[in-house]
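A quick write-up on the structure given underneath.
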Amino acid sequence: MADFRKAYPLSAKGSVYNFLILRDGAPFLAGLPYPSLSTIRDFAHYAGTSDSAIRTLLSREGKAGYIAKGKDAEGIMRYRLAEPSLVLSMVNSRQSGLPEGFIVAVFSFTADAVSERSIVRETLKNFGFKKIAQNVYLNGRIDAEPLRAAMRELGLDSHLYLFQCPELEDEALIRRVIDLFELGERSAELAGFEAAMLAFLGPSRAEDSDRDAAARRIIYAGLVFWERFKTTEPPLPARLLPEGYRFGAIARAYEERYAASAPAIAEYYMRISAR
């Protein structure tokens with residue numbers, strides 16, 4: 001079991017935010033107390049996060065306004081998302097069923113606007129764009145309005161031009177796009193992760209001798225899949241994905257296991273939230 005966690009380490013942020021997000025996002029945890037420090041520590045320790053890292057992250061995220069805290073009627077300090085709707089919308093924001101084609105982003109600045117160019121480059125990368133030439137970036141046909149809104153917020157929208165390219169029939173260019181998003185390497189990485197995840201989770205059983213351990217494993221595997229693959233999944237039309245590309249199959253298999261594990265997760269959460 002430790003081999004999977006060693007091969008696929010979870011970030012300190014993921015381990016701490018885990019129950020903050022689950023408490024607001026999982027229907028089977030609705031109405032239960034918000035996580036206490038003991039709740040957060042139990043899973044974070046399983047993920048390899050130290051007490052000092054937990055304290056530092058809670059303090060930093062609290063000061064930034066992402067995490068709120070307060071004592072319950074019994075005097076236990078509880079933690080929650082300060083803006084749950086925002087965080088949950090990001091968690092569930094993965095694009096699916098994208099239309100054919102691409103978006104090409106081109107930006108233009110005067111030679112001395114070094115800082116502005118850097119900001120636009122980083123913003124485009126954060127939205128999943130890949131550089132194909134100087135000041136030219138490519139993405140799948142995502143909803144571009146959030147990007148436009150971000151650029152308006154930065155006051156740089158007049159320097160960015162977005163071009164919709166609904167069709168791409170040039171086979172050489174298609175191969176260039178596949179190489180750009182490193183789909184061959186990613187496909188192999190997904191296949192390796194799938195085998196390791198299924199071995200880590202073990203056989204699906206209605207009764208597990210250690211339900212807490214089973215709950216920790218299913219949560220951990222899901223968080224790793226989210227951090228490593230779901231947040232970085234290239235927003236490309238399905239026809240461009242390599243044969244045997246396993247992202248969708250892994251997501252479906254995990255969702256089935258997660259749904260079957262809901263009672264065990266709820267029991268585990270209730271036990272560690274009682275203190």
Would you mention how many residues in the range 98-143 are acidic (Asp, Glu), touching a residue at least 12 places away in the same chain (Cβ under 8 Å) and not in a loop (DSSP other than H, G, I, E, B)? 1
How many of the residues making up the range 150-165 are outside any strand (DSSP E or B) and either of a type in the set (A, V, I, L, M) or in the same structural domain as residue 243 (by TED's automatic domain parsing) (or both)? 4
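I'd like the full set of residues that are in contact with a His (Cβ under 9 Å, 6 or more places away or on another chain) and hydrophobic (A, V, I, L, M, F, W, C), limited to the range 1-54.
Correct list: 54 only.
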May I ask you to list the residues in the range 58-77 that are modelled with pLDDT of 95 or more and either under 21 Å from residue 227 (Cα atoms) or of a type in the set (Asp, Glu) (or both)? 58
Do we find that residue 40 is of a type in the set (A, V, I, L, M, F, W, C), modelled with pLDDT of 95 or more and either within 20 Å of residue 73 (Cβ to Cβ) or touching a strand residue (DSSP E or B) at 6+ places or on another chain (Cβ under 9 Å) (or both) in this structure? yes
Specify the residue that is farthest from residue 155 (Cα to Cα); the eligible residues are those in the range 109-135 that are surrounded by 10 or more Cβ atoms within 10 Å (Cβ to Cβ) and small (Gly, Ala, Ser). 128
Quick one: which residue in 94, 141, 176 is modelled with pLDDT under 85 and buried (at least 16 other Cβ atoms within 10 Å of the Cβ)? 141
Set 54, 40, 21: member being of a type in the set (A, V, I, L, M, F, W, C) and touching a Phe, Trp or Tyr at 6+ places or on another chain (Cβ under 8 Å): 40
Go through the range 144-169 residue by residue and tally those that are out of contact with any strand residue (DSSP E or B) (no Cβ under 6 Å at 6 or more places or on another chain), within 17 Å of residue 240 (Cα to Cα) and in contact (Cβ under 8 Å) with a residue 40 or more places away in the chain. 3
With the range 205-275 as the region, which helices (runs of 4 or more DSSP H) entirely inside it contain at least 1 residues that are touching a strand residue (DSSP E or B) at 6+ places or on another chain (Cβ under 7 Å) and surrounded by 13 or more Cβ atoms within 10 Å (Cβ to Cβ)? 262-273
Residue that is of a type in the set (Val, Ile, Thr), within 22 Å of the chain's Cα centre (by Cα) and closer than 15 Å to residue 234 by Cα, where the choices are 142, 103: 142
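The values are calculated or read from the model by the stated rules, or taken from the named source; none is laboratory data. Predicted model, so just to flag it, every value in this text is computed and none were measured. Glycine also receives a Cβ, built like all others from the backbone with ideal geometry; neighbour counts cover every protein chain displayed.
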